[in-house]
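Colleague: Sending over a structure as structure tokens; questions will come in a sec.
The values are calculated or read from the model by the stated rules, or taken from the named source; none is laboratory data. Just so it is clear, the structure is predicted and the values come from calculations on it, not from any experiment. FYI the Cβ positions are ideal-geometry reconstructions off the backbone, even for glycines, and counts take in every protein chain you see.
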Amino acid sequence: MMSHCASDTQTAAALSAAIAEHSPMVALAGQPNVGKSTLFNILTGLNQHVGNWPGKTIERKEGVYAFGGATCRLADLPGTYSLTANSMEEVIAREFIIREQPDVVVVVVDAAALERSLYLVAELIALPTRMIVALNMMDVAEQEGYHIEPDALQAALGVPVVPLVATKNVGVRELLQAIHQVARDEIPYAPKPPQIRDDHRAVLNQITTRIAEWTPAPYPRAWVALKLLEGDQEITRMMQAALPADQWEVIYAILRAHDDALMAVAGGRYEWIGRMIRAAVTRPRAGQIGLTERLDRWAAHPLWGIALLAGILGLIFWLTFAIGTPLQNWLNASVIAVLAQAASAGLAGAPAWLSSLVVNGLIGGVGSVLAFLPIMVIFFATMGALEDIGYMARAAYVMDSFMHLMGLHGKSFLPLFLGFGCNVPAVMGARVIESRRARLLTILVTPLIPCTARMAVVAFLAPAFFGGAATLVSWGLVVLSLATLVGVGVVTNRVVFQGQRSAFIMEMPLYHRPNWRTIGVLVWQRIMAFFKKAGTIILAFTLGVWALSTLPTGQLDSSWLADLGRLIEPVGRLMGFDWRLTVALLSSFPAKENSIATLGVLFGAGKEGGLANVLAATIPPSTALAFLAVQLLFIPCMATVATIRQETGSWRWTLFNMAMQLVVSLTAGVVVYHLARLIGG
């Protein structure tokens, strides 16, 4: 059913070939949390390309799939609740459908929350583009006590309806068959869109007639008239520019005289949705409690929910160390050390600088970074599973009270939680927050969340320094990071934003089984991005560190890097750092993994026992603990800084963020170091 590619080059080639052949275009639309991404990943596999929409920073996903001997292009539109221009996602989704005119729009809806999901269907069905309703999560609907008749819903809507359980690949082939038939006009298509309430129908017809001559192509004039009555700002501006001044004055007078038209439009849609539900849905009997409600008694409890979240984080770290650390040690001993020995033996007759470049620079630096690949796989997979089953929203809910300490709300926790994977999408994820003040504050504190790269440094060093206590130490360091985040957020909100607060409204999706294929694709994409970084940024930086650590004398102690390290060593000494640890910390600015690469170069990762053992024999635990604490709180990487500048549109806020984290991280390092020495005697 699907074809797969093993590289970005092949993916790009497949996309180009599909475009060149003028293949049919299918668009996936839907509200958030309806399984749209799961379906997209099932259909495209690795044949997908991720970028940004032209002129926008919102993620754009496109891919190709093969069915019935034909190759089709598939566009995954941003999740949106409606087609009204309340957000950039909604504008992008509707502009793509209207301007690109895909052959078929597949609207993915949540069968267990059908009444809410049908609002987007009510808007899309009024457009001329042909559509199919993919009735996803049928198993979850049954689990919650709902019984849905797809045939009855199809008859009521007048468009094809295909039941799905995308996580189990159930109904996917039937959906592809329906897409194939609709695109070729092989099955009846007679949509029954909602109507505006009777008291405003004449007004709608009047506006439609008056704008007909000036409606810009390819916008449907009836749809534009409806959006004018709704008060859609984007469409209003478009028509104000398109209409002659005298005609616009007439239209504007009509709109002002009917400023309650939005209720007539929305009321007509909700009446239509009610008819669809009555025709096709049998609700659970009174008093029946679904699985989601039972689980949320614990997961969304103000006390037990927090305990559960802490336990889940602890479990993730335990899995990381219990499974990832042995694999990491195996890679160090069986791959990296063997490669270093083989390279050293093979270059025995070569110049000393060349042997040092390969053994200490390439293998010692980049090899040390690649060694914690198993840890990253485990972390990406567990985070992806939590997101896929619907737990993330519960985490946001139970963290709402902590967010309020900073004048934020639980919705801010969603981008913050993304930060555990990578701070870059976390900063970009702050766009879901409506208030500019809350969005800005969220962006400023997001880099205090320990990302995967930072946690990889912790996962690499903690077992070497603290043995069986590594899980507890790592958990404590994360708690320190989160406590620091709250403290910094409270101070920043009160000092910079005068203690303002924001309201909290958020959807709680139903629980459902994770789709391991989707999670696997996610892990694959992130690991490939990591390899790309290791082969470019980290490799270049590692070679630069090696050159600075070798020139001009060939000896580390008299190198330019040593001179730089000794210049700033007095600051590091406050935390027990020698110049090598201080330089390793500074090297984390281009990419956090550079810390390990730099330590590999400076301490000689090619030595017997590997880098972790060398560091454990050289650095006392109090210094190691301080180094890890500073590493988690230090200035974010260059990519995150660039994203902060992009999202805030201000160098002032960007530099403020960097200065704030520098002060906070160094202060934390000093305190942790001296407390550890005091406790350890």
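Colleague: Got at least one residue in segment 241-253 being closer than 30 Å to residue 153 by Cβ and not in a helix (DSSP H, G or I)?
Modeller: For segment 241-253, residues closer than 30 Å to residue 153 by Cβ and not in a helix (DSSP H, G or I): absent.
Colleague: While we're here: Quick check, is residue 452 buried (at least 21 other Cβ atoms within 10 Å of the Cβ) and among the hydroxyl-bearing types (Ser, Thr, Tyr)?
Modeller: yes
Colleague: Let me ask another. Residues being farther than 17 Å from residue 404 by Cβ, at pLDDT below 75 and of a type in the set (A, V, I, L, M, F, W, C): count how many of those fall in segment 424-452.
Modeller: 4
Colleague: Of the numbered conditions (1) surrounded by fewer than 24 Cβ atoms within 10 Å (Cβ to Cβ); (2) touching a residue at least 24 places away in the same chain (Cβ under 8 Å), residue 134 fails exactly one; give the number of that condition.
Modeller: (1)
Colleague: Does segment 73-92 contain at least one residue that is within 23 Å of residue 42 (Cα to Cα), in a strand (DSSP E or B) and not hydrophobic (A, V, I, L, M, F, W, C)?
Modeller: So far as segment 73-92 goes, yes, one or more of its residues are within 23 Å of residue 42 (Cα to Cα), in a strand (DSSP E or B) and not hydrophobic (A, V, I, L, M, F, W, C).
Colleague: Which pairs do you get when a residue that is over 25 Å from residue 479 (Cα atoms), found in segment 291-310, comes within reach of a residue that is at pLDDT 75 or above and assigned to a helix (DSSP H, G or I), reach meaning Cβ atoms under 7 angstrom, with the pair 6+ apart or on two chains?
Modeller: Pairs found: 291/143.
Colleague: Another question about this same structure. For segment 325-388, please list each of the helices (runs of 4 or more DSSP H) lying entirely inside it that holds at least 1 residues being modelled with pLDDT of 75 or more.
Modeller: Of the helices (runs of 4 or more DSSP H) lying wholly inside segment 325-388, those with at least 1 residues that are modelled with pLDDT of 75 or more span 325-331, 337-346, 352-356.
Colleague: If residue 167 satisfies every condition in (1) assigned by TED's automatic domain parsing to the domain that holds residue 96; (2) more than 28 Å from residue 282 (Cα to Cα) but one, which is the exception?
Modeller: Every condition holds for residue 167 apart from (2).
Colleague: Just one of the numbered conditions (1) under 27 Å from residue 339 (Cβ atoms); (2) at pLDDT 85 or above is not true of residue 621; which one?
Modeller: Going through (1) under 27 Å from residue 339 (Cβ atoms); (2) at pLDDT 85 or above one by one, residue 621 breaks only (1).
Colleague: Checking the conditions here, which among 106, 161, 165 is over 26 Å from the mean Cα position of the chain (by Cα) and not polar (S, T, N, Q)?
Modeller: Only one candidate qualifies: 161.
Colleague: Which residues, taken from segment 644-661, are loosely packed, with under 14 Cβ neighbours inside 10 Å and assigned to a helix (DSSP H, G or I)?
Modeller: Of everything in segment 644-661, those that are loosely packed, with under 14 Cβ neighbours inside 10 Å and assigned to a helix (DSSP H, G or I) turn out to be 646, 651, 652, 655, 659.
Colleague: Same structure again: Could you please let me know if residue 245 is out of contact with any Phe, Trp or Tyr (no Cβ under 7 Å at 6 or more places or on another chain) and surrounded by fewer than 20 Cβ atoms within 10 Å (Cβ to Cβ)?
Modeller: yes
Colleague: Moving to a separate point now. In segment 178-205, what residues are free of Cβ contacts under 8 Å to residues at least 60 places away in the same chain and either surrounded by 16 or more Cβ atoms within 10 Å (Cβ to Cβ) or in contact with a Pro (Cβ under 6 Å, 6 or more places away or on another chain) (or both)?
Modeller: The answer is 178, 181, 203, 204.
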